[in-house]
Structures are given as C-alpha cells and as structure tokens.
Amino acid sequence: PLICYQGALIRNFYDNDDIIYQINTDKSLGFKIINELREKSIHINLYDNDNLYVEHDNQLIKEYCKDRYIDYKVVKNFEDVECKNLHKILAINYNQNIIEGLIKELNTKYGKELYIVKSTPYFVEISNLEAKKCNAIKYLADQWRINQNEIMAIGDQDNDIDMIEYAKIGIAMGNGTEKIKEKADYVTKTIEED
C-alpha cells in the first residue's frame with residue numbers, strides 16, 4: 001500500500017487501486033486557510049478525492065507536477081471543487097522566511113484543529129489533525145499484526161519526524177533537516193548517494 005497526503009489516504013498499489021483508509025480535512029476549516037493564503041498571495045495546491053486542483057496555471061505548478069510525474073486540474077475557484085474527500089492543502093512559496101512565518105502563524109491559529117507541518121523548506125502541508133504518517137503506519141501494522149518493535153522508518157523532512165519516532169528504528173537521510181536528524185536513531189547517506 002501507498003501512504004499518501006501525510007497519512008490521510010492509504011491506497012492499494014499492487015492488486016488494484018482500492019482505497020484502504022482515508023481521513024478528510026474539514027471543508028470549512030480548509031477554506032478558512034485557503035482564504036488566508038489567497039490574501040497573502042501564496043500558491044495553493046488543493047488535493048481532493050486523490051486529484052490535484054489549482055486556481056493558477058503557472059510555472060510553479062508545471063514544475064511541481066513535472067518533478068512528481070502527476071497531473072493537475074485548473075479551476076476558476078476552489079469553491080467549484082466538490083471537496084468530498086479533502087485530503088490536503090499545500091501552501092508553496094520559495095521564500096523560506098515566508099514559509100517559516102506561515103507555519104508559525106497557522107499553527108498558532110489552527111494547530112489544535114489541523115495538522116500543519118513543513119515538508120520541504122518551501123512547502124507547508126495542512127490536513128486533518130490525525131492525518132500523520134505514524135497513524136497510517138499504526139493502521140497498517142494493526143491490520144497486518146505487526147508489532148511496533150518490528151517497524152523501521154526512513155525520512156528526510158520535518159513531516160517524517162512522527163513516523164521515525166514511532167518506528168522501533170528511525171533513520172534520517174543525510175540530506176534531511178537538522179530536526180529529523182536529532183530525532184533519528186541513525187543518520188544514513190544522502191538521497192543522491194542511492
């Protein structure tokens with residue numbers, strides 16, 4: 001299975017494309033944040049029902065999707081999207097100071113209601129409070145009767161910290177953030193070293 005959107009969606013991968021588990025973000029809370037991001041002129045990716053939607057078809061989204069081999073849909077307004085299964089909102093800005101300020105501001109306002117985490121120096125991910133990688137791993141471990149002490153997790157960004165802390169063995173990539181390296185049991189080579 002693939003754990004997607006910080007743990008908001010688990011999909012079968014080999015046999016079929018069935019959804020095994022999903023947890024959605026509250027639509028009204030999501031749109032409060034969308035409106036705040038619009039006011040700040042921050043690029044927004046909206047992920048609903050395993051589709052990526054944007055309001056602006058620009059170079060940023062083209063490069064984002066090219067690097068990830070995914071497609072996107074342009075809508076006039078996010079309000080036109082049904083948001084039946086709102087998995088995640090992604091705020092993107094290539095000014096790290098803006099991202100740092102945004103994550104602090106959003107966590108102050110919404111941190112008790114939503115999971116808000118930096119996943120690269122330029123991305124802030126916003127989802128259901130329970131949509132964490134560690135919770136998705138727990139779910140699969142329970143389904144497969146795997147003990148926590150039999151789990152190893154590897155990550156490189158702050159959004160991987162909960163996962164490597166949950167696993168018996170938590171490994172940070174050499175190119176990972178300092179925060180994840182501090183929490184890891186081991187630090188390995190960088191992703192570029194294969």
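Figures for the structure shown
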item	result
Trypsin sites (Lys or Arg not before Pro) restricted to region 65-121 and DSSP loop, no more than 13 other C-beta within 10 Å	K76, K84, K112
Shape of the chain, Cα gyration tensor, a/c cut at 1.5	prolate
Residue-by-residue Karplus 3J(HN,Hα) for region 121-130, coefficients 6.51, -1.76, 1.60, Hz, glycine and proline x	x, 10, 10, 10, 9, 10, 8, 3, 4, 8
Rounded to 10°, Cα long-axis angle of helix 133-144 versus longest principal axis of the chain	50 degrees
Rough spin-label spacing in nm, given labels placed 7 Å along Cα→Cβ, for I70 and N97	3.0 nm
Carbon/sulfur fraction of accessible area - the chain, other protein chains in place, 1.4 Å, %	46 percent
Å² of accessible area per residue within region 1-96, as computed with a 1.4 Å probe and no ligands counted	56 Å²
Mean accessible surface per residue for region 119-194, computed with a 1.4 Å probe while every protein chain stays in place, in Å²	57 Å²
Rounded to 10°, Cα long-axis angle of helix 27-39 versus longest principal axis of the chain	70 degrees
Full-stretch length increase - E63, S119 - with 0.36 nm per residue and alpha-carbon distance subtracted	18.5 nm
Under 5 Å, built H, 5+ apart or other chain: amide partners of I20	I10, R11, N12
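The values are calculated or read from the model by the stated rules, or taken from the named source; none is laboratory data. Note that the coordinates shown come from a computational prediction; the quantities given were computed from them, not determined experimentally. All Cβ positions, even for glycine, are placed from backbone atoms using ideal geometry, and neighbour counts span all protein chains on display. Note: areas computed on protein heavy atoms with side chains; ligands, DNA, RNA excluded. Shrake-Rupley method; radii C 1.70, N 1.55, O 1.52, S 1.80 Å.
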